[in-house]
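Engineer: Supplied in structure tokens, the structure appears directly below.
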Amino acid sequence: MRKYPILLFVVIATSAVLVAGASATRSATPTLIGTDGPAYTISLKLNGKAVKSLKAGTYKIVIHDKASAHGWSLDGPHGFARDISPVPFIGTKTVTLKLKAGSYKFYCPSHESFMFGRFTVK
Ligand SMILES: [Cu+2]
């Protein structure tokens, strides 16, 4: 029975490729960092730069909510609307979202007229 060692090797090699593929996909998800507060500030950054345009796809969004008076919400195309960090909350919220092409606006629900930013997904 010389076939068994070869078969076992093939199974192990295949598993290793699948695991490597899965972790490569995961680490490729870009992370957007958002903040609201302190004071009347709100932001969204990718690699330290304010987000102005993004490629459509899946993004991890981490919001650092630094003020109970403020929140962090995101509106987008096709009625997309998510309150990612609600107004009374202070702390960190993390979501993974699939962003489709269109115009997006992030804002504080309590001060939407002046605490907001916009970006485009292409
Ligand atoms: Cu606010």
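Engineer: Can you name the residue in the range 33-69 that is assigned to a loop (DSSP other than H, G, I, E, B) and closer than 18 Å to residue 95 by Cα and, of all such residues, is nearest to the ligand (Cβ to nearest atom)? Give the steps one after another, and end with the answer.
Structural biologist: Applying the first criterion (assigned to a loop (DSSP other than H, G, I, E, B)) to the range 33-69 yields 37-41, 47-48, 51-52, 55-56, 66-69.
Filter once more, so that each one left must be closer than 18 Å to residue 95 by Cα: 47, 51, 55-56, 66.
Numbers: 47: 26, 51: 19, 55: 29, 56: 29, 66: 11 Å.
Checked the range 33-69; the qualifying residue nearest to the ligand (Cβ to nearest atom) is 66.
Engineer: Still on this structure, I have one more. If you scan the range 86-112, which residues turn out to be within 18 Å of residue 33 (Cα to Cα) and in contact (Cβ under 8 Å) with a residue 60 or more places away in the chain?
Structural biologist: 96, 106, 107, 108, listed by residue number.
Engineer: Moving on to the next point. Determine which member of the set 117, 48, 79, 71 is under 12 Å from residue 34 (Cα atoms) and without any contact (Cβ under 8 Å) to a residue 12 or more places away in the chain.
Structural biologist: Exactly one of 117, 48, 79, 71 is under 12 Å from residue 34 (Cα atoms) and without any contact (Cβ under 8 Å) to a residue 12 or more places away in the chain, namely 48.
Engineer: Under the condition of being among the basic types (Lys, Arg) and not in a loop (DSSP other than H, G, I, E, B), which residue from the range 91-122 is surrounded by the most Cβ atoms within 10 Å (Cβ to Cβ)?
Structural biologist: Among those that are among the basic types (Lys, Arg) and not in a loop (DSSP other than H, G, I, E, B), it is 93.
Engineer: What about residue 81, is it of a type outside the set (Val, Ile, Thr) and either under 23 Å from residue 28 (Cα atoms) or away from the ligand (no atom under 12 Å from the Cβ) (or both)?
Structural biologist: yes
Engineer: What are the residues in the range 72-90 that are touching an Asp or Glu at 6+ places or on another chain (Cβ under 6 Å) and either surrounded by fewer than 17 Cβ atoms within 10 Å (Cβ to Cβ) or farther than 18 Å from residue 120 by Cα (or both), if any?
Structural biologist: Within the range 72-90, 81, 85, 89, 90 meet the criteria.
A short reminder: the numbers here are calculations on the coordinates, not readings from a lab. On a predicted model such as this, the values are computed, not experimentally measured, just so you know. Please note: Cβ atoms are built from the backbone with ideal geometry, for glycine as well, and neighbour counts cover all protein chains shown.
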